[in-house]
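Take a look at the structure below.
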Amino acid sequence: MITHPRTEELVQAVAGWIDSVRPGLDPRNAFLARVAVNVLGVVGRELTQGPAAEAAAVERLSALLGHEGSFEALNAELCAALQSGAMDAETPGLLGALKANALEQVAIDQPNYAYEGRQ
């Protein structure tokens, strides 16, 4: 039976290769290689952490809005409710849901970001 590398393993392999050749590059290309490695890190974390973060966001948004739906639909509805003023900072659970969603996205985009209250 042939097994294939998982997508996140492929991303890690490419990032590792770029890092291995980066020291021999001129300064501009070394910088661009570092940017590429960082992008691949985000892609890898999105692949491994993204589905759970999205599922948790859907759960929070469903509770907040009172019905189920896709992340995209619930998020669009939330945005519309905020724009129209139907929801605001006084809406029970809103700020907690927004904070949790944002922190999960930060964990994917910038895992080393230090913020107040981080454990």
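A few comments on the model shown:
- Magnitude of the charge dipole for the chain, about its Cα centre and with charges confined to Cβ atoms of Lys, Arg (+1) and Asp, Glu (-1), is about 500 debye.
- Taking Cα atoms only, the orientation of helix 27-65 departs from the longest principal axis of the chain by about 30 degrees.
- Ellipsoid semi-axes for region 1-49, based on the Cα gyration tensor and the rule √(5λ), read 24, 13, 5 Å when sorted largest first.
- Degrees separating the helix 94-109 axis from the principal Cα axis of the chain, which is the longest one: 10
- Nearest 10 degrees, 0 to 90: helix 7-21 Cα axis against the chain principal axis: 50
- When the inverse distances between all different Cα atoms of the chain are averaged and flipped, the Kirkwood radius reads 17.0 angstrom.
- Of the solvent-accessible surface of the chain, computed with a 1.4 Å probe and all protein chains present, 59% belongs to carbon and sulfur.
- Reciprocal mean inverse distance between Cα atoms of region 25-66 - Kirkwood radius, Å: 12.5
- Think of a 1.4 Å ball rolled over the protein heavy atoms: the chain then has 70 Å² of accessible area per residue.
- Ranking Thr3, Ala13, Gly24 by how far each Cα lies toward the positive end of the dipole of the chain (charges on Cβ) leaves Gly24 at the top.
- Residues whose amide H falls under 5 Å from that of Met87, counting only those 5 or more places apart or on a different chain, are Leu82, with hydrogens built in the peptide plane.
- Think of region 35-119 as having a plus end and a minus end, set by charges on the Cβ of Lys, Arg, Asp and Glu; of Ala89, Gln110, Cys79, Gln110 sits farthest toward the positive end of this dipole.
The values are calculated or read from the model by the stated rules, or taken from the named source; none is laboratory data. Since we're looking at a predicted model, the values are computed, not measured. Don't worry about glycine lacking a Cβ; one is built from the backbone with ideal geometry, like all the others, and counts go over all protein chains shown. What goes into the accessible areas is simple: the full protein's heavy atoms, side chains included, and nothing from ligands, DNA or RNA. Shrake-Rupley method; radii C 1.70, N 1.55, O 1.52, S 1.80 Å.
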